[in-house]
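What follows is a set of notes on a single structure, which appears directly below.
The values are calculated or read from the model by the stated rules, or taken from the named source; none is laboratory data. Here the structure is a predicted model, which means the values were calculated and not measured. Backbone-built Cβ (ideal geometry, glycine too); neighbour counts: all protein chains shown. These accessible areas exclude ligands, DNA and RNA; they are computed on the full protein's heavy atoms, side chains included. Shrake-Rupley method; radii C 1.70, N 1.55, O 1.52, S 1.80 Å.
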Amino acid sequence: MNRRVFVTRLIGLTGSASLSRALLAAGPEQTTEKIQRTEAEWKKRLTPEQFRVLREGGTELAFSSTLDKEYGKGTYVCAGCELLLFTSEMKFNSGSGWPSFTTTLPGSVETKTDFKRVWP
């Protein structure tokens with residue numbers, strides 16, 4: 001299962017002005033070169049919660065994300081690298097308590113198998 005981390009507090013819904021700026025910067029296809037930053041650089045760039053989720057694999061409780069009930073038009077963007085991740089047309093309500101998407105924008109999300117166990 002893909003980590004829900006990408007769609008919780010790590011991303012924000014942008015308006016059309018931000019989307020246009022991001023699309024112009026990214027060009028027709030996004031480049032997905034790995035961003036190299038030190039831990040101190042990441043901590044300076046991200047809030048403590050974003051750092052916990054993005055860099056340490058944390059998550060939040062189900063139904064606690066403000067993005068779960070967000071259905072405005074726009075594009076979801078990574079809080080760490082500003083890469084476009086999903087469009088609002090890709091979003092659906094899974095009833096799981098986390099924002100859910102049918103697919104991702106090409107070249108935007110890397111997945112891995114997560115062997116961590118979650119205990120209440």
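Here are the numbers for the structure shown:
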| quantity | calculated |
| --- | --- |
| Built amide H within the under 5 Å cut-off of PHE101, gap 5+ | PHE92 |
| Which of ARG55, ARG37, ARG45 is most accessible, then next, and so on - probe 1.4 Å | ARG55, ARG45, ARG37 |
| Per-peptide average of other Cβ atoms within 10 Å, ordering 96-105, 59-68, 75-84 highest first | 75-84, 96-105, 59-68 |
| Around THR38: net Lys/Arg minus Asp/Glu count, Cβ-Cβ under 13 Å | +3 |
| Whole-Å semi-axes of the ellipsoid equivalent to the range 30-120 (Cα gyration tensor, √5λ, descending) | 22, 19, 14 |
